[in-house]
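Note sheet for the following structure.
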Amino acid sequence: MKKIFLAIASLVLAAGIGVAAVGCATGYAVEVSGGGSGVGLSNTRNGTFDLGMASKEVKGEDAEGLTVYQLCIDGIAIVVNNENAVEDLTTAQIKAIYLGTTDNWSDVGGADASINVVHREDGSGTRDAFLEKVGIDEETETMVEGTTLNSTNLVMQTVSGDKNAIGYISLGSLDDSLKAVKIGGVEATKTNVLNNTYPLQRPFNVVYTESRLAENDLLQDFLTYLKSEDAQEIIEEKGYISLTSRTYPAYAVPETKPETMELSVGGSTSVQPLMSQLAYAYEELLAA
C-alpha cells in the first residue's frame, strides 16, 4: 500500500495534535501534520512527502524541483489580547515593535506597559510573509528577542493569556479569543484582503513533484478535488479567499477509484486546519 505524503503549512496543532488522521468506510485514510512551510517544501522535494503545504510565496530556490499550486489567499492578522486598548497600528509601528525600538504600549496609544513580542519559528511561512510585508530584513536588522513559538495555536494561546502580548496569525484562524488590530485604519477582514486594501496577505500553496504525481493516482485525484468548486466552497466557508480570476469545475468521483489508499499531508501549521477540513470532505466523497 503506497502512502502519499502532503507537506502543508503548520497549524492543526489547535488541539495539540501533530497528525490528524481521517478515515472513511472505503478504507481511504488521510494524515495531516504540521512542521512548517520549510519542512513541507524540503520533504516534498526529497521524496519524503508526496504533497506539501506552504503559507508563503514559493519561488526561486524554494520552488526548485517542485510544481506549485496556489490554493487560496489568506490575510495575516496582527493580534493582541482582548484587554489591550490599542485598536490600530501602522506597518511602521509594527516593524518598530518587532525591532524593539518601540517597547511600551503607551508609545502606540495603549497602557504604560512593556510590549511582550511573540514570534514564529524560523522556517514558518507565516513568519516569512510577515517579515516581508512589514519590511524587516533579518540579514541587516535584529529583532527583539521575545518569545518564539512553533504553531499558530501556541501563538493564539500565548497572546490570549497575556494582556501585554502581540503576535501574528492566519486571518482564517482568528477567533473571539483575540483582537486583530487594524493596519493603517483598515480592518483585517476577508473583504479588505480581496480588495487589496489590507496590506498583510499571502498565498496558501500546495507543492508536489511531477514524478510523484505520475505514480500516485490518489494524489492525482486529490489535486483534482483541491482545484474544484467543492473545495473552494469549504475554503470560503472557513474564512479564506478564493482566487476570483479562476473558474472552478465541480468535482466528480472517478468511476474507477484510486488504487492508492493512504494520503499523508504535512507542513505549514497555518494551512493545516484548512487542509484537515478539505481532506475530510474529500474522503466523504470517496466513501459515498
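Given Cβ point charges of +1 (Lys, Arg) and -1 (Asp, Glu) and nothing else, what value in debye, to the nearest 20, does the dipole of the chain about its Cα centre take?
180 debye
Residue separation times 0.36 nm, minus the C-alpha to C-alpha distance between ASP175 and SER106: what's the value?
22.3 nm
Can you match log10 I(q)/I(0) by the Debye sum over Cα atoms at q = 0.07, 0.14 Å⁻¹ to one of these, [x] -0.25, -1.07; [y] -0.36, -1.08; [z] -0.26, -0.95, based on a calculation from the structure here?
Matching the structure shown: [z].
Between GLU259 and ASN196, how many nm apart are label points set 7 Å from Cα along the C-beta direction?
With each label placed 7 Å out from Cα toward Cβ, I get 4.7 nm.
To make sure I understand the rule: partners must be aspartates and glutamates, Cα under 16 Å from the Cα of LYS238, and not fewer than 8 residues away in the same chain. Which ones qualify?
The reachable aspartates and glutamates, counting only those whose Cα sits under 16 Å from LYS238, are ASP74, ASP175, ASP176, GLU229, ASP230.
Tell me which lysines have Cα within less than 28 Å of LYS95's Cα, excluding those fewer than 8 residues away on the same chain?
Straight-distance partners of LYS95: LYS56, LYS59, LYS133, LYS163, LYS179, LYS182, LYS190.
Is the stretch 75-200 best put as rounded, prolate or oblate by its Cα gyration tensor, with a ≥ b ≥ c the root eigenvalues, rounded for a/c under 1.5, and otherwise prolate when a/b is larger than b/c, oblate when not?
It comes out rounded by the Cα gyration axes.
Between the stretch 241-287 and the stretch 94-170, what is the C-alpha centre distance in whole Å?
Their Cα centres are 33 Å away from one another.
If you take every DSSP beta bridge fully contained in the chain, what fraction is antiparallel? Give it as a percent rounded to 5.
Numbers: 26 of 48 bridges.
Beta bridges within the chain, antiparallel portion: roughly 55 percent.
For the stretch 163-248, evaluate the Debye formula with one uniform point scatterer on each Cα (no solvent term) and list log10 I(q)/I(0) at q = 0.14 Å⁻¹, rounded to two decimals.
Evaluating at q = 0.14 Å⁻¹ gives log10 I(q)/I(0) of -0.65.
Apply 1/(1 + (r/R0)^6) to the Cβ-Cβ distance of ILE234 and ALA85, taking R0 = 35 Å, and write down the FRET efficiency to the nearest 0.05. List each step's numbers first, then the result.
Working: r = 36 Å, r/R0 = 1.03.
According to the calculation, E is roughly 0.45.
Sketch the reach of a paramagnetic label on ILE136 as a point 7 Å from Cα along Cα-to-Cβ, and name the residues of the stretch 181-206 whose backbone nitrogen lies under 19 Å away.
Output list for this probe position: 181-184, 199-203.
None of the figures in this text is laboratory data; all of them are computed from the coordinates on show. The structure displayed is predicted, hence computed values, not measured ones. Cβ coordinates were reconstructed from backbone atoms using ideal geometry, including for glycine residues, and neighbour counts include every protein chain displayed.
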